[in-house]
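The structure under discussion appears below in the form of structure tokens.
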Amino acid sequence: MNPHHFGREVRQLRETRACAQEALAERADLNRSCPGRIERGDVVPSLNTMAWLAGAPGLKRPGRVARCGTRLAA
């Protein structure tokens, strides 16, 4: 899964859960602009950030994001 695909999955998940980028950034202890940059595929998040986003508290994730996070955390 490339950064653009991962970013699209994160955006879809976030929007489905009606979570603002700012709220996601706060929960993940990220810079406020970071979720948007990840969603656009402008940056490649660290493995820790990817794993956290794949299992973000309060954001039940679809299988594709969860599988990505599981592979990265292994």
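Identify all residues within the stretch 16-45 that are over 20 Å from His5 (Cβ atoms), of a type outside the set (A, V, I, L, M) and surrounded by fewer than 15 Cβ atoms within 10 Å (Cβ to Cβ); write none if there are none.
Start the filter on the stretch 16-45 by keeping residues that are over 20 Å from His5 (Cβ atoms), which leaves 18, 20, 22-23, 25-27, 29, 31-33.
This time we only want the ones that are of a type outside the set (A, V, I, L, M), so: 22, 26-27, 29, 31-33.
Glu22, Glu26, Asp29, Asn31, Arg32, Ser33, listed by residue number.
Being hydrophobic (A, V, I, L, M, F, W, C) and modelled with pLDDT of 70 or more is the filter here; which residues of the stretch 32-70 pass it?
Pass one, the stretch 32-70, residues hydrophobic (A, V, I, L, M, F, W, C): 34, 38, 43-44, 47, 50-54, 56, 59, 65-66, 68.
The answer is Cys34, Ile38, Val43, Val44, Leu47, Met50, Ala51, Trp52, Leu53, Ala54.
Of all residues in the stretch 1-45, which are in a loop (DSSP other than H, G, I, E, B), touching a helix residue (DSSP H, G or I) at 6+ places or on another chain (Cβ under 9 Å) and among the small types (Gly, Ala, Ser)?
If the condition is that a residue be in a loop (DSSP other than H, G, I, E, B), touching a helix residue (DSSP H, G or I) at 6+ places or on another chain (Cβ under 9 Å) and among the small types (Gly, Ala, Ser), then Ala20, Ser33, Gly41 are the ones that fit.
The values are calculated or read from the model by the stated rules, or taken from the named source; none is laboratory data. Just so we're clear, the structure is a prediction, and the values are computed from it rather than from any experiment. Positions of Cβ are generated from backbone atoms using ideal geometry, with glycine treated the same way; all protein chains shown enter the neighbour counts.
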